[in-house]
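J.: Structure incoming, see below.
Taken together, the values in this text are just the output of simple stated rules run on the coordinates, not laboratory data. Computed from a predicted model, the values in this text were never measured in an experiment. Here the Cβ positions follow ideal geometry from the backbone for every residue, glycine too, while neighbour counts run over all protein chains shown.
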Amino acid sequence: MARRRRYVVPGAEQGMQAFKADVMKREGYDVNPNRPDDVKYEVAKELGIPLKPGDNGELTTESAGHIGGKIGGSMVREMIRLAQDRLSNQE
C-alpha cells in the first residue's frame, strides 16, 4: 500500500524535491529535476536491488531501506553541513 506523505508547511514539498535533486546531483547521480524521485531507480541499480516502477512487494524491508537510506542519508548530511555553515557565520 503506497503512502502519500504530506508536508506540514505549504509549499515545502517543491523545495524539498529541488533540494533532493541538487544533493543527489552532487553525489554523482543523473537526476531529472522534474522527477527527482526517479533517482531511487538509479540508486537501486547501483546497489543491485531490483526496484521497478509500480508494485515492489517482493522487496525486503532491508532492501528498500538501503535505497532510502542512501538518498535520505545524503540529504541529512547536506542539511547538517548547511546548518553548521549558518551557525559558524552568525558568530
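J.: Within the chain, how many Lys pairs that are eight or more residues apart, or on different chains, come under 14 Å at the alpha-carbon?
T.: On the way: LYS20/LYS40; LYS20/LYS70; LYS25/LYS40; LYS25/LYS70; LYS40/LYS52; LYS40/LYS70; LYS45/LYS70.
Here the count comes out as 7.
J.: Pick from ASP22, ASP38, ASP55 the residue whose mean-square fluctuation is largest in a GNM of the chain, springs joining Cα atoms under 10 Å.
T.: Fluctuation is largest for ASP55.
J.: So what are the ³J(HN,Hα) numbers for the stretch 28-36, from phi and the Karplus equation (6.51, -1.76, 1.60; θ = phi - 60°), rounded to whole Hz, Gly and Pro as x?
T.: With the stated coefficients, the stretch 28-36 comes to x, 8, 7, 10, 7, x, 7, 9, x Hz.
J.: List the extent of the Cα atoms of the chain along each of their three principal axes, largest first, rounded to whole Å.
T.: Computed over the Cα atoms, the extents are 51, 29, 24 Å.
J.: Here's another thing I want to ask about it. Going through the stretch 1-64, which chymotrypsin sites (Phe, Trp or Tyr not before Pro) have at most 12 other Cβ atoms within 10 Å and a DSSP loop state?
T.: In loop regions of the stretch 1-64 (DSSP not H, G, I, E or B), the sparsely surrounded chymotrypsin sites (Phe, Trp or Tyr not before Pro) are TYR7.
J.: In a GNM of the chain with a 10 Å cut-off on Cα contacts, which of VAL39, VAL23, VAL76 has the highest mean-square fluctuation?
T.: Of VAL39, VAL23, VAL76, the Gaussian network model singles out VAL76 as fluctuating most.
J.: Tell me the angle of helix 12-26 to the major Cα principal axis of the chain, expressed in degrees between 0 and 90 and rounded to the nearest ten.
T.: 80 degrees
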